[in-house]
1. Return the residues of region A:1-33 that are over 25 Å from B:Ala90 (Cβ atoms) and surrounded by 16 or more Cβ atoms within 10 Å (Cβ to Cβ); say none if nothing qualifies.
2. Being open to solvent by 30 Å² or more (accessible area, probe 1.4 Å) and aliphatic (A, V, I, L, M) is the filter; apply it to region B:114-132 and report the residue that is farthest from the other protein chains (Cβ to nearest Cβ).
3. What are the residues in region B:198-218 that are open to solvent by 60 Å² or more (accessible area, probe 1.4 Å) and either small (Gly, Ala, Ser) or outside any loop (DSSP other than H, G, I, E, B) (or both), if any?
4. Testing A:Glu4 on (1) away from chain B (no Cβ under 14 Å); (2) in a loop (DSSP other than H, G, I, E, B), one condition comes back false. Which one is that?
5. Which of the residues spanning region A:34-52 are aromatic (Phe, Trp, Tyr) and open to solvent by less than 100 Å² (accessible area, probe 1.4 Å)?
6. Does region A:53-76 hold any residues that are loosely packed, with under 10 Cβ neighbours inside 10 Å and either within 14 Å of chain B (Cβ to nearest Cβ) or outside any helix (DSSP H, G or I) (or both), and which are they?
7. Applying the selection to region B:219-230, what residues are in a helix (DSSP H, G or I), touching a residue at least 12 places away in the same chain (Cβ under 8 Å) and open to solvent by 40 Å² or more (accessible area, probe 1.4 Å)?
Amino acid sequence: MSIEPLWEVFVRSRRGLSHTHVGSLHAPDATMALRNARDVYTRRQEGVSIWVVRATDITASSPDEKDEFFDPAGDKVYRHPTFYEVPEGVEHL
Amino acid sequence: MSDLFDYTVRLGDDALIAAQRTAEWIAAAPQLEEDVALGNIGLDQLGQARSLLQYAGSLDGRTEDDLAYFREEREFRNLQLCELPNGDFAHAMARLLYFATYQHLLYEELRTCADETLAGVAGKAVKEVAYHVDHATQWVLRLGDGTEESHRRMQAALEALWPYTGEMFESDELIGRLAVAVDPAPLRAEWERRVLAVIDESTCSRPEASYQHTGGRSGRHTEHLGYLLAELQHVARSHPGATW
């Protein structure tokens, strides 16, 4: 059988949570990808909702860009709410 | 033996023999994903078989294993459709379309019957077989409306198995006597409507009316069931009482 397109599978394990990437699979089209995902990734009640995305439709960051993409966030402590002290007496914050 | 026992064994044997054939696909399907899908479907069928044969056994003091492993070919009451060899993948999907659509209509009726156990098994199984119908439908559409070769094979499979579909809708004295039994005869019109809609959409042509095989419900089977049972039963018979 010819090689079918690769699909990335995202499963939401419970209502209220986000879809999480669980793996990938091959399928001829989106309809079959969804069904294959149901059979491969939710056979032990792992989910209540499935997304499939054609792997080629995902634009990913490159490992080569790691330095400029992610390192600058490393020393910006003021981006965390815990950086700020809440003045005494302030309510509803 | 009671009518309820005989009726439950019919349903259980359909599921058991179908499960055995489906399981033969594991590691032999066209792709890994399909191996898992057919594994799931086979285990659904086996689960139905176990519930039904357990219940049947409880009516006459036997276990599900007694019924599965220690009955002779002539004592099995499954449809001949279920026992036919797998053939190619198109045959597997044609059989699943025919059989699961029938099971779905049957279980939908059975889940409101007066027997609590049968109603319970049917209520659980109806969702499982709805998925089996969907799986078969997806493949019949894709193979039928696929390449020239896949279309040819799908058409051949739909035609080859059609003569074994009439048996599903046969009514008999047992069905007439047993109040909880679902008479399958009236299900045929809706079954044909659903199955033919899939066949039409797949661009295959409808199989022509043909000679219809019969006999499974009275223990008369094709030559293939004996070989299937030999494989299914030989370990249990060679090592009676063994557990694993």
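1. Answer for region A:1-33, where residues must be over 25 Å from B:Ala90 (Cβ atoms) and surrounded by 16 or more Cβ atoms within 10 Å (Cβ to Cβ): A:Glu8, A:Val9, A:Phe10, A:Val11, A:Arg12, A:Ser13, A:Val22, A:Ser24.
2. Ranking the candidates gives B:Ala114 first.
3. B:Asp200, B:Glu201, B:Ser205, B:Ala209, B:Ser218, listed by residue number.
4. (1)
5. A:Tyr41
6. A:Ile58, A:Thr59, A:Ala60, A:Ser61, A:Ser62, A:Lys76
7. Matches in region B:219-230: B:His224 only.
Each row is one residue, and each column tells you yes or no for (1) assigned to a helix (DSSP H, G or I); (2) within 22 Å of B:Glu128 (Cα to Cα); (3) more than 10 Å from chain B (Cβ to nearest Cβ).
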{"position": "A:Leu17", "(1), (2), (3)": "no, no, yes"}
{"position": "A:Val22", "(1), (2), (3)": "no, no, yes"}
{"position": "A:Arg38", "(1), (2), (3)": "yes, yes, no"}
{"position": "A:Trp51", "(1), (2), (3)": "no, yes, yes"}
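The values are calculated or read from the model by the stated rules, or taken from the named source; none is laboratory data. Note that the structure is a prediction, hence the values are computed from the model and not measured. Ideal geometry is used to build each Cβ from the backbone, glycine not excepted, and the neighbour counts take in all protein chains shown. Areas reflect the complete protein model, heavy atoms only, side chains present, ligands, DNA and RNA absent. Shrake-Rupley method; radii C 1.70, N 1.55, O 1.52, S 1.80 Å.
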